[in-house]
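K.L.:
Attaching a single structure in structure tokens format; questions to follow.
The values are calculated or read from the model by the stated rules, or taken from the named source; none is laboratory data. Treat the numbers as computed from the prediction; the structure is a model and nothing was measured. Neighbour counts are summed over all protein chains in view; Cβ atoms, including those assigned to glycine, are modelled from backbone coordinates with ideal geometry. Side chains included, ligands, DNA and RNA excluded: accessible areas come from the protein's heavy atoms. Shrake-Rupley method; radii C 1.70, N 1.55, O 1.52, S 1.80 Å.
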Amino acid sequence: TAFFRGAKEKNHHLYKPYSNAIIAKEPTSLEEEIKEIRRSGSNRDLDSASEFEMSDIFYFARRGVESIMDDEVTKRFSAEELESWNLLTRSNNNFHYISLRLTVLWGLGLLIRYGFLLPLRVTLAVTGVSLLVILTSVIGLLPNGRMKNFLSEKVHLMCYRICVRALTAIITYHDSENKPKNGGICVANHTSPIDVIILASDGCYAMVGQIHGGLMGVIQRSMVKACPHIWFERSEVKDRHLVAKRLSDHVEDKSKLPILIFPEGTCINNTSVMMFKKGSFEIGATVYPVAIKYDPRFGDAFWNSSKFGMVNYLLRMMSSWAIVCSVWYLPPMSREEGEDAVQFANRVKAAIARQGGLVDLLWDGGLKRAKVKDTFKEEQQKLYSKMLVGTQEDRSRS
């Protein structure tokens, strides 16, 4: 309390009042905050303080409590729920009786969605996937050439658009003049597996992914016969050099379709964009950023893979009223002189976040299933020790 009282008396610059009466904390460095804590807790000047003070502990304790109270990472892996049911979205909780009129509306909606829309959409989805497998297998028998590429593109577009109809997806595409071109890499933020058909229904792409078994494996094997998709064996996925070489060889051939990649590596709940893996930005190819933003008022498109399996998730999508989203094609971007792959990835990520109205986060989406790396903890320790050592060196010089 002494810290906040002292900050208020000094009109402290770290806390800024906004018009909605919320006190928002502006970004500050570790050194600035610790210095302010020392000043607030003591009448002595900072330069006369010892290298370490017990009050420094309060900084780390407060940051820990702030992280627990407002965790900006784990909340990105839960559904973006509306405050109240708007008669359009799926009801997330069990049914609660409120009024007869609302109960009748809810019951009618349930009957229409599950009795009429769901069977129709399942039929469309089965038709689209079946046509994709059969027609791409037939096209794969043709010799390589312009005719094969033409038919492959038409078949892929037709089948993906049928699958989009199975979701009753209402998509608005913006700035189509910036659509990815052959020999480039299309990168987009990732919310759901349906991101693929949302983009592929407006243009053809070469997919990148791990080889699967079952129905997914059948689809992958048939697709690669008609179009040069890039599938990796499980043992090859962790070989970064092999992956980079396969991608590089593909983009060097300007006759091949642009590669579609989701650099986050996992699904985020469409409120933010998390760290982009640098692999696809090391190749040196032209990058075509794409921002995808779903409207949660009509249906939640986020796939929480730890809560729902793929089949369960798709059934939930097909039993929603509609999937409404906007897609922005951003101008192509290339690595600038002196810019490394990480900086380039961050610049592309920032552009996508800005266009889609998403929060730009530096955290790795891998934290969805893994613990925080020790390097993050060590970084804070290094910053604090650097501050102490720097203070001691300054005093020795004086």
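K.L.:
Only residues in region 235-256 that are modelled with pLDDT of 80 or more count as the first member; pair them with residues that are charged (D, E, K, R) and surrounded by 11 or more Cβ atoms within 10 Å (Cβ to Cβ), Cβ under 8 angstrom, at least 6 apart or cross-chain, and list the lot.
P.N.:
Partner pairs satisfying both residue conditions: 250/256.
K.L.:
Another one. Kindly indicate which of 318, 310 is aliphatic (A, V, I, L, M), under 24 Å from residue 196 (Cβ atoms) and surrounded by 17 or more Cβ atoms within 10 Å (Cβ to Cβ).
P.N.:
Checking each option against the conditions leaves just 318.
K.L.:
Here's another thing I want to ask about it. For region 137-177, which residues satisfy the criterion of being of a type in the set (Val, Ile, Thr) and in contact with a helix residue (DSSP H, G or I) (Cβ under 8 Å, 6 or more places away or on another chain)?
P.N.:
Start the filter on region 137-177 by keeping residues that are of a type in the set (Val, Ile, Thr), which leaves 138-139, 155, 162, 164, 168, 170-172.
Selection gives 139, 155, 162, 164, 168, 171.
K.L.:
Are there any pairs, at least 6 apart or on different chains, whose C-beta atoms fall under 9 Å, with the first in region 267-279 and farther than 14 Å from residue 296 by Cβ and the second of a type in the set (Ser, Thr, Tyr) and open to solvent by 10 Å² or more (accessible area, probe 1.4 Å), and if so, which?
P.N.:
267/305; 274/266
K.L.:
Looking at the structure I just gave you, is residue 294 among the hydroxyl-bearing types (Ser, Thr, Tyr), at pLDDT below 75 and open to solvent by less than 80 Å² (accessible area, probe 1.4 Å)?
P.N.:
Against the criterion (among the hydroxyl-bearing types (Ser, Thr, Tyr), at pLDDT below 75 and open to solvent by less than 80 Å² (accessible area, probe 1.4 Å)), residue 294 does not qualify.
K.L.:
Only one of (1) over 16 Å from residue 277 (Cα atoms); (2) modelled with pLDDT of 90 or more; (3) not charged (D, E, K, R) is not met by residue 358, so which one is it?
P.N.:
If we test residue 358 against (1) over 16 Å from residue 277 (Cα atoms); (2) modelled with pLDDT of 90 or more; (3) not charged (D, E, K, R), just (2) comes out false.
K.L.:
While we're looking at this one, here's another question. Could you say whether any residue in region 278-287 is in contact with a Cys (Cβ under 9 Å, 6 or more places away or on another chain) and more than 29 Å from residue 116 (Cα to Cα)?
P.N.:
Yes, region 278-287 contains a residue that is in contact with a Cys (Cβ under 9 Å, 6 or more places away or on another chain) and more than 29 Å from residue 116 (Cα to Cα).
K.L.:
Given the options 305, 320, name the one that is in a loop (DSSP other than H, G, I, E, B), modelled with pLDDT under 90 and farther than 29 Å from residue 228 by Cα.
P.N.:
320
K.L.:
Moving on to the next point. From the list 332, 289, which residue is buried (at least 22 other Cβ atoms within 10 Å of the Cβ), modelled with pLDDT of 90 or more and within 23 Å of residue 207 (Cα to Cα)?
P.N.:
289
K.L.:
Here are the criteria: (1) touching a Pro at 6+ places or on another chain (Cβ under 9 Å); (2) open to solvent by 40 Å² or more (accessible area, probe 1.4 Å). Tell me which single one residue 302 does not satisfy.
P.N.:
The number of the failed condition is (2).
K.L.:
Give the number of residues within region 140-170 that are of a type in the set (A, V, I, L, M), surrounded by 17 or more Cβ atoms within 10 Å (Cβ to Cβ) and over 20 Å from residue 259 (Cβ atoms).
P.N.:
Residues that pass the stated criteria total 5.
So that you can scan it fast, the table gives a plain yes or no per residue for (1) aromatic (Phe, Trp, Tyr); (2) under 24 Å from the mean Cα position of the chain (by Cα):
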site	(1), (2)
144	no, no
150	yes, no
156	no, no
161	no, yes
164	no, yes
199	no, yes
206	no, yes
